[in-house]
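Everything on this sheet refers to the single structure shown next.
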Amino acid sequence: MHGTEAPSAWVQRWTHLIPPHSPVLDVACGAGRHMRWLQTQGHQPTGVDVSADALAACTGLGELICADIENGPWPLDGRQFGAVVVTNYLWRPLWPSLLGSLAPGGVLIYETFAQGNESVGRPSRPDFLLRHGELLQAFSALRTVAYEDGYLENPPRFVQRLVAVRETPLHEGPARHRLQPASS
């Protein structure tokens, strides 16, 4: 079942940018691998998925919403989160809702399949593969902190990954979006 594997290294790498103790939305959360990770980091996860069976594996991890976000209304209208996390999922019509769900100072962490993946496996349909630079263009209203577009070997896949912040007005110099967690 999707969501039972370890959390994405990309999500783990950038979690430190999420405002402390903030609510976090995990879109198409599956069995909750990122909800588990985010909860251990002190955040308040909300997971949305079409599968009631997958959400059953998330019991106790946070708020759970069973909804068909491709064919029904966005179930979180008017709500904002300190982060929105999306992995291995692509539904372009949802992008404005994701952007609207991101609170000022919030972080978008997005990772999914890109063109080229059809040469190594699934998904292979163009509808499910990002075009070169597509995430950058779709979320250009945000401040990009990190972006990758390329090939990973284990398992073999083409991906595009983005970390971007909805900046707040500057008060005391430029915002500092750390590229690594602060040393303890």
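Read the figures in this text as sums done on the coordinates, not as results from a lab. Nothing here was measured: the structure is a model prediction, and the numbers come from that model. Note that we place each Cβ from the backbone using ideal geometry, even for glycine, and neighbour counts take in every protein chain shown.
Take every pair of alpha-carbon atoms less than 8 Å apart whose residues are at least six positions apart; their mean separation over the length of the chain yields a relative contact order of 18 percent. Would region 1-80 count as rounded, prolate or oblate if I go by the C-alpha gyration tensor, calling it rounded below 1.5 in a/c and otherwise prolate when a/b exceeds b/c, oblate otherwise? It is oblate, given that a/c is not under 1.5 and a/b is not larger than b/c. Compactness check for the chain: Cα Rg over 2.2 N^0.38 Å is 0.99. For THR168 and GLN12, a Förster radius of 25 Å and the Cβ-Cβ distance give a FRET efficiency of 0.50, rounded to the nearest 0.05.
Placing pseudo-labels 7 Å out from each Cα toward the beta carbon at GLN44 and ALA141 gives an inter-label distance of 2.4 nm.
For region 1-74, averaging the sequence separation of C-alpha pairs within contact (under 8 Å, six or more residues apart) and dividing by the residue count gives a relative contact order of 28 percent.
Once the mean of 1/r is taken over each pair of separate Cα atoms and inverted, region 61-104 shows a Kirkwood hydrodynamic radius of 11.5 Å.
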